[in-house]
Structure formats: structure tokens, C-alpha cells
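Written out below as C-alpha cells is the structure these notes cover.
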Amino acid sequence: MSRLVRVRAIAQKEVFHILRDPQILIFALGMPVALILLFGYAVSFDVEHIPLAVVDQDHSAESRALVAAFTAQDLFELVATREEPASVEPLLQRNVARAALIIPEGYARDVHRGQMATAQLLLDGADNMSAAIALGYANSIALSQSLGRARVQLGSFEMPVEARVRTLFNPRLQSSVVLVPGLMVIVLVLVAVMLTALTVAREYERGSMEQLFATPVGRIEIILGKLAPYFVLGLVQVLLVLTTGVVLFDVPVNGSLALLFLIASLFLLAMLMQGLVISVVTRNQMVASQVAAISTLLPAMLLSGFVFPIDNMPPVLQGLAHVLPAKYFVDGLRGVLLRGNGLDVVWPDLVAMGLFFVVMLVVSTKRFQRRVA
Amino acid sequence: MADDTRGGDAIVEVDALTKRFGAFTAVDRVSFAVGRGEIFGYLGANGAGKTTTIRMLCGLLAPTEGKALVAGHDVGTHPRRVKRAIGYMSQRFSLYLDLTVEENLAFFSGAYGMYGARRATRIAWALEHAGLADRRGELTRSLPGGIRQRLALASSLLHEPALVFLDEPTAGVDPASRRDFWRLIRQLVRGGTTVFVTTHHLDEAEYCDRVGLMVDGRLVALDTPQGLKATHVPGQVWAVEGATRDQVATALAPAREAKQVHAIQVFGREVHVRVTGPLADRDAFSGALRAAGLGALRLEESQATLEDVFLELVGRGRNGQEEAA
């Protein structure tokens, strides 16, 4: 009974600290919404409306058909036409256009003769991601143009080999659908690790930890009491990000909500423990916040698979990514949200996060002596 | 060191308690006992080892060597039992400033595992005791220092400990609030609580039943304030007004030769001279000054203070005897 009383007293005190400091609530609840709006609307990895400059030296029906093929969809947008190939380069340099299509004289003639007709595409490699995507678009346009010609010339024609691709789970390959669950990882690490690291370090710094240690409150009681409010706050954030994602960006929830919260809870616990370890080791708010930022934000951004595929990383980083819980959280979350995975698929993610939690718990209780140094 | 404790059985028994941090010995084989119901003052300069001693006695710091029983529990092996039995008011911090008065009390009573009617009764007692019944909803930050200290004391007493450790409770508090605070301490002791208090205000030490003096980690003296003065600064103190220190020193040169003058100190416009032997007599003393041509002086009887004791002992501890007169 008195154990429970002590934990509750600490948790309640922590809630008062949170409520008295508006910055915490703004940070904890405002930032997730701001991030999701930013990533959902402004930051898009979908490359569309690539500004295109055209040099049509052939002036034929065929060349105009090719230009039309490029601009028919929203992929490319015609921003300029020029007569000389040399005059498009400044457009690329000044970023007016990011791609230039140059159709040389004789394009229509070659097409009709059945010879290989060439058109040149200049791409702005300074933005390699957009360039790679534009190249993909251009290739598929060229391929469909060729097929069209082949059908005209041969009456009917089928490709000897054709891959029919159907993209499952996110048919339109919208990045927001993938990003929103990824954002959850950033929001949770920021608040869970940063705030716990700060709250415990603050008690050391102000000397209140000494007063706390002079009471019969035990280590586990301090840990439970201090972390419980932040655990609840984390779950509120999950709900907030998820709701915003579903309402604004049509993020599907194909799997079970309970499983989703189980994954989030386990990840939160792992992160709260990491924050605790940081604060009991540093015992200083300044250092704690820096360590927290470096040890969480970077892995969450870079090593979670949120933006960059882990499989393409050097082995050392891959290894690190497999130790930290961020990757498992993003994996599990995307699995449940997009693929509708059940426990039978996501359990390894849960185990991995659970292991990290246990290790951090052991380290923090070892370092967290109820004595002053 | 004399282990005579007042009022019967001891509530704190310390035997050769030692704390070393690496090569530095913060507390060096300290032994003493504190009797139940006593106000025990622990005196010393900053860094003398007061806080380290108190932290060991509160179970916050494991002793390197030696033993201490606090309320019957060994601080080295059963720190948690010690913590349950005592109250502690730390030097740096005692309250959460972003919590209200009542929230602080609710927290500390909860931290001591109190609940229900007892908790409510004790919080009400603490509000009353600290004189904060009508300010319970105010943020602690907004309270003046003196009232904060009273609240901190009350919150360390919520669980009705038989013994309370106060580490520099009046540091940074104005004189009037200090006097009020000490009134509370005496009230507490009348109720049977033992108070172990560290301070560097020497006037406060006069309120203690017994005073231990720490110098560089060692307990160099332990006695009642009167006993300390009688032992370490014996003799009569004369306050002389109307002459400079040098004039007085020259006038008393023969007595100084005879080791009858122990200290000559300037206090404002007065020169205080502590003497033993024939010069303790008023007429003999004024005669000695007049003989040296120092007439028309105001001469008054003064008192040795604990400050004199402190200077005497600290001077001896650091530099041997040469600082004395």
C-alpha cells in the first residue's frame, strides 16, 4: 500500500511539473501536429510537375506527339520551348527547368523508316533524387512510344516479356502514407527520451534528488512514478499523430488498433528507459538534452528506415540500426497500418524492442543508486 | 571525545566514522553521540566535512570506515530503515518551487508512504506549523526565503520522525526569519524531537545544547557552548574604548610576556582584550593601561563568544598557536 502511495505521489508531482511548464505541453503536443503537417504537405518525396524545357527541331507530328506524351500526365510540366539546344542549358542552370527534352531534326523521318529515332533528355543531376525519378518516368514514356510505333507498323505486337507490376498496400505510392507512421518515431523519441532525460537530470541539478533519496522512496518507485506521466503523454501523441494522419492524409489502418498501441507502448517504454539512462549518467540538463538529441533523433531519422532504406547502408550502420528500436517500431507500425499485419508477423519487432527495454532498465537501475555521489 | 549525552540514551552513536573521496579525507574518524531531545549543533567552515557527515548519517552516503547508528539502525547496512526514522532538510534544496505549498506537502507525505486521514491531519498540521494555512494554494516560488525554510522544515517533519537533520537551514535567510526559525526548533525539541543542525552562523550555535566543531574533516571540540568557551577561551574579556589596538598591546606588553593576555581584537571602536590572572580584576586592568599613559578610557566587561572559540580552534588547527595574541 505505502509503495503504491509513494509511486502515486511521485507521478502526481511530475504531472504538476508538466502542467506548470507550458513549454512541455507545447513541445509534446504541438510539435507532432506541426511535424505531420510539414511532412504531409510541404515535404513530399513524390516527384511530380517536373519543369521541362523542350527543343523541338523536327517540328513534326511525331515530335509533337512525343512532347505531348511527356506532358500528358502531371509528371512533367512544359515551362519553356527553345529552338537551339544550347539555349536550354541556362534554363537548367537557373533552375527554371529541371529537365530538357531535345528532339533533333529527322526524328519523324527515322520513326517512319523504322530506324532508331533518338531524342535527348537532359536532367539536372544536382537533385539526384528527382533526376532518378524523372529518368524512370522518361524511360517508361519512351517504352510506351516504341510500343505504340511497333503496333502501328506491325499491326499487332506484344512484348516478348512483360512484367505486370501491381503495387500492394500503397497502390499510388503516396509518400505521405508511408511518412506518417515514420513520423511517429520522431515524435515519440523526441518527447519520451528528451523529457525524461531532462526531468531526472533536473532533479540532480537542483539538488532535489538528494531530498528524494533521503525519503524511503525506492529506486523502482522513483522510476515508475517519474516515467508514468510521460508514458501516458506518449500514448496521447500516438493517438494525435494517428488521427491527424488518418483524417488529413488518408493513412489506412488495416491492422488492429490494439496491436498498434502495443507496438507503440513497447517502443515508448524502451525510449523512456533510454532517457532515464542518459539522465542518471549525465546528471546535467544541458548535457542530457544534447546526448538525448544525438542518440535519438539521428537514429530515428537515419536508421529507422523512415527515409533511407537500411538495406543500402554500410554494414556498420546496418548493425546499429538493428540494435536500436527505431527500425523495429517503424517496421511494425507500417506493417500493421499498411499491410494489416497481425501479431504472427510483427512479434519479432516486439521482441527486439522488449530486449532493448530490458537492457536499458538494467543499466539505469545499476547506475541509479539511491545515494548521492 | 566525551560521550556524555544529555537526557539518557543516545539516538545517534557515531564511532570513528570516516569518508574518503579518493585521496581526500572529507570526514576523518569522527566519534560522538547525540542524546534524545537534544539540539546538537555541528559547526565548521565550508568544506570542513559537515554536509558529508550529515549525508552519511542520513543514509545518503556510505561511510568508508567506521560505524554510525541512527535511531538504532546502522547507516552503512540499513540506510532505508534510517531514512524511514529520520527527517532531513538538505542544504541546497527542500521544496519544488513550481508546486504550490499544499502540493509540496502532499508530495512529501506521499513519499513517506502516508495516506488517508493521517496524511490529511499531518498536512493540516504542517500548514499550521509553518503559518501557511491561508497561503496553501500559492506557488512555493512566490514565498519569501524565511517562509520557504519553515515550510521545508514542516515537510521534513510530516512523518513525525524522532530525529531531524537540518543542513544549514538558515543559509541565506534574513536575521528576523532566522530567529523565528530557531523558535520553531526549540518548540520542536520541547515536543521531544531531537534536532541535529549544521550551521556556520556562530550566534545560532549558542542556541544549541551541545556544539561539535569540525575543522578539516576532524571533530576538534564537542561541548556545551559555555563549556567550549571555558575550555578554549578562558579568562576575562575587557572591552576598551578610546585607544588603538597597538596602544593597548604596548601597554600590556609585560602581561603578554607573562602569557596573561590571550587575545587582542578590534571590534568596531572597541578593542577586546582577553586576559587571565591578576588582570581579570577591573582595577588591575585599568591600572595597567593607565600606567602606560592611556587614561580616560571606557572600560567594559565583555563576553567571549563562540566566534572566539572558533577562531582559536581553527587557528590552532591550521597554523598552530602563533595566531593567539
### Average beta carbon contacts from partner chains per residue of B:54-67, 10 Å cutoff
2
### Task
Report the Stokes-Einstein translational diffusion coefficient (µm² s⁻¹, integer) for region A:50-154, Rh taken as the Kirkwood radius over Cα pairs, at 37 °C with viscosity 0.692 mPa s.
235 µm²/s
### Task
Given the options A:Leu198, A:Leu38, A:Leu183, state which has the largest fluctuation in a GNM of chain A using a 10 Å cut-off (strictly under) for Cα springs.
A:Leu38
### Query
Hey, got the dipole for the protein assembly as shown? About the Cα centre, +1 on K and R Cβ, -1 on D and E Cβ, debye to the nearest 20?
1800 debye
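So how do B:His73, B:His272 line up by other beta-carbon neighbours within 10 Å, fewest first?
B:His73, B:His272
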## Note on the structure
Contact order relative to length for region A:50-154, counting C-alpha pairs under 8 Å separated by 6 or more residues, stands in percent at 30 percent
### Query
Can you sort B:Val189, A:Val191 by how many other beta carbons sit within 10 Å, fewest first?
B:Val189, A:Val191
### Message
Projecting each Cα onto the charge dipole of the protein assembly as shown (Lys/Arg +1, Asp/Glu -1 at the beta carbon, about the Cα centre), which of B:Gly35, B:Phe267, A:Ile278 comes out farthest on the positive side?
### Response
B:Gly35
### Task
Report, largest value first, the span of the C-alpha coordinates of region B:138-177 along each principal axis, in whole Å.
29, 24, 14
### Taking only Cα atoms of chain B, radius of gyration then Dmax in Å
23.2, 78
### Task
Take the Cα atoms of chain A, build their convex hull, and give its volume per residue in Å³.
179 Å³
### Shape metrics for the protein assembly as shown, restricted to C-alpha atoms - Rg then Dmax, Å
40.0, 143
### Within a Gaussian network of chain A (alpha carbon springs, distance under 10 Å), most fluctuating of A:Thr282, A:Thr196, A:Thr71
A:Thr71
### aspartates and glutamates whose Cα lies under 15 Å from that of A:Lys327, excluding same-chain neighbours fewer than 8 positions away
A:Asp311, A:Asp349
### Query
How well do other chains shield peptide B:99-111, expressed as the mean number of their Cβ atoms within 10 Å of each residue Cβ?
5
### Task
Post the alpha-carbon centroid distance, region B:74-111 to region B:234-255, in whole angstrom.
51 Å
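Ranked highest first by the average count of other Cβ atoms within 10 Å around their residues, in what order do B:55-61, A:53-59, A:307-313, B:134-140 fall? Spell out each step's value before the answer.
Working: B:55-61: 26.3, A:53-59: 19.7, A:307-313: 12.0, B:134-140: 14.9.
In descending order of packing, they fall as B:55-61, A:53-59, B:134-140, A:307-313.
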## Note on the structure
Measuring from its Cα centre, chain A shows a charge dipole (+1 at each Lys and Arg Cβ, -1 at each Asp and Glu Cβ) which, in debye to the nearest 20, is 2060 debye
### Query
If contacts are Cα pairs under 8 angstrom and at least 6 residues apart, what is the relative contact order of chain B in percent?
18 percent
### Only Lys, Arg (+1) and Asp, Glu (-1) charged, at Cβ; region A:50-154 dipole about Cα centre in debye
320 debye
### Task
Would you mind checking the pairs A:Lys13/B:Lys50; B:Lys19/B:Lys83; B:Lys19/B:Lys50; A:Lys226/B:Lys83; A:Lys366/B:Lys83; B:Lys67/B:Lys229 and listing those with alpha carbons more than 23 angstrom apart?
A:Lys13/B:Lys50; B:Lys67/B:Lys229
### Task
Calculate the tail of P(r) for region B:129-253: the fraction of all Cα-Cα distances greater than 23 Å, expressed in %.
49 percent
### Query
Which listed residue (A:Ala214, A:Ala119, A:Pro104) has the Cα farthest towards the positive end of the charge dipole for the protein assembly as shown, taking +1 on Lys and Arg C-beta and -1 on Asp and Glu C-beta about the Cα centre?
A:Ala214
### Query
Which of A:Leu75, A:Pro252, A:Asn312 sits closest to the plus end of the dipole of the protein assembly as shown, meaning its Cα is farthest towards the positive end, when Lys and Arg get +1 and Asp and Glu get -1 on the C-beta?
A:Pro252
### Message
Helix-only estimate, please: 222 nm mean residue ellipticity of chain A, summing -39500 (n - 2.57) across DSSP H runs of length 4 or more and dividing by its residues, to the nearest 500.
### Response
-20500 deg cm²/dmol
### Summary
log10 I(q)/I(0) for region A:220-271, Debye formula on C-alpha points only (no solvent), q = 0.13 Å⁻¹, two decimals, reads -0.38
### Query
Amide H of B:Gly44: which non-local residues (sequence gap of 5 or more, or other chain) have their own amide H closer than 5 Å, using H built in the peptide plane?
B:Thr199, B:Met214
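Rule-based calculations on the coordinates, nothing more; no lab input. Being a predicted model, the structure only gives us computed values, none of them experimental. Here the Cβ is made from the backbone with ideal geometry for all residues, glycine too, and neighbour counts use every protein chain on show.
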